[in-house]
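Peer 1: One structure coming up, written as structure tokens, with questions to follow.
The values are calculated or read from the model by the stated rules, or taken from the named source; none is laboratory data. From a predicted model like this one, the values you see are computed outputs, not experimental measurements. So basically every Cβ, Gly included, is an ideal-geometry build from the backbone, and we count neighbours across all protein chains shown. The area values use the complete protein model at the heavy-atom level, side chains included, leaving out ligands, DNA and RNA. Shrake-Rupley method; radii C 1.70, N 1.55, O 1.52, S 1.80 Å.
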Amino acid sequence: MSHSKNTELVREILKNNSQVENILNEFEKSETQRYRDIIFNYIKKHNTYLSFRNKLLVIQVAIPIFGSIFAIFAPGLDLWVKFLILFIYLMISLLVFWIVKVLPEDFDKFNQEVTRLKLVNLSERLASKMALFDKIYEEEPEEDTSFLEKVSDFVKLEINSMSESQKNMIRRCINPSSRFENSRDTNITIPTEVINLSNISKKKLEQITYEISSLAEYMFGGKGYSAKLYLRISKKYEDNEVELLTSFSRFPLKNGKDNGTSWIKTRGNPSIVWECLERGGYKIAHTNERAELYYNSVLAICLPGRIGILALHADHKEAFDGKMDKTTYNLLALSTRQLVLEAINEEGK
């Protein structure tokens, strides 16, 4: 990847993220502002702000005096020497006046400016690292059928042993003519004991949802985030294929023997997680207040290879609106997929 493309990608990341916080102007610096940064860094390094400003004031007073002296002695000099001295005189004058103009009047304001510059530099450093990460995931990979088969084998779900009401629900979901008024008519609870994974793998999956729900506070701001990890599985029932997004882990943990509801694939009115998996990318949705759920906003992220969904929930409205971009999606999707593969691969050791 060429240097120009790297630079362009860094700027795109900065633009996308700074627009969220309405500080885009902080990153659109002119060359003049870059030179001002150099001056600030020098003064901060040598801790000589007051003496530096006093010296500039002395130079400002001295410049007219030197100009008068030059006017007195100039007639005796060659023409090219006059032009050279005049040029140097003007450059020094302009530089001094410009520095005095851009420097804050007092030390407190100067410290605020230096802090702002450090924050901008920190953001640029982080963006440059994210730019390299962002290049890992350029296109939607093909459907990972081998992973689907592997995970499906770990879920020892016996549909025939379910209650009649659950079996009737599954029959409705796999019936192409069925239509649902409410997507919650397509969910089902799968006990954790039918997920035949080792304790090590389960702990790793739980760690994923714990860490991501914690990091969500920094990514999106605010409090009250939860996370749930769904993996896609396939089962047979009455000579039909039943696909489910099965809840493998969640945070905060729920009392009981399940990770909350799983979702059956169906036509008509699909759930948020299935809609996201089929479409790819990510989906932001707001729940109906009458649903009496523990969350108000949902961010569903399709994991590469369509192996599953990472769902983030927030207890406040519009928690994710205007805060998602390509880089954030790639970061969450790629890292989650990699951690899931590592956890599941523990079963093959």
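Peer 1: For region 157-196, which positions are touching a Phe, Trp or Tyr at 6+ places or on another chain (Cβ under 6 Å), open to solvent by less than 80 Å² (accessible area, probe 1.4 Å) and not in a helix (DSSP H, G or I)?
Peer 2: Across region 157-196, the qualifying residue is only N187.
Peer 1: Of the residues that sit in region 322-349 and are free of Cβ contacts under 8 Å to residues at least 60 places away in the same chain and open to solvent by 60 Å² or more (accessible area, probe 1.4 Å), which one is farthest from F147 (Cα to Cα)?
Peer 2: Ranking the candidates gives K349 first.
Peer 1: If you don't mind, there's one more thing I want to ask. Quick check: anything in region 176-195 closer than 16 Å to D239 by Cα and either over 33 Å from the mean Cα position of the chain (by Cα) or aromatic (F, W, Y) (or both)?
Peer 2: The answer is yes, given that some residue of region 176-195 is closer than 16 Å to D239 by Cα and either over 33 Å from the mean Cα position of the chain (by Cα) or aromatic (F, W, Y) (or both).
Peer 1: What number goes with the only condition from (1) within 23 Å of P304 (Cβ to Cβ); (2) in contact with a Leu (Cβ under 6 Å, 6 or more places away or on another chain) that M219 does not pass?
Peer 2: Result: M219 passes all but (2).
Peer 1: Here's a follow-up. Is there a residue being at positive phi and not in a strand (DSSP E or B) anywhere in region 204-221?
Peer 2: yes
Peer 1: Among the residues of region 234-293, write down those that are modelled with pLDDT of 80 or more, open to solvent by 60 Å² or more (accessible area, probe 1.4 Å) and at positive phi.
Peer 2: Selection gives E238, D239.
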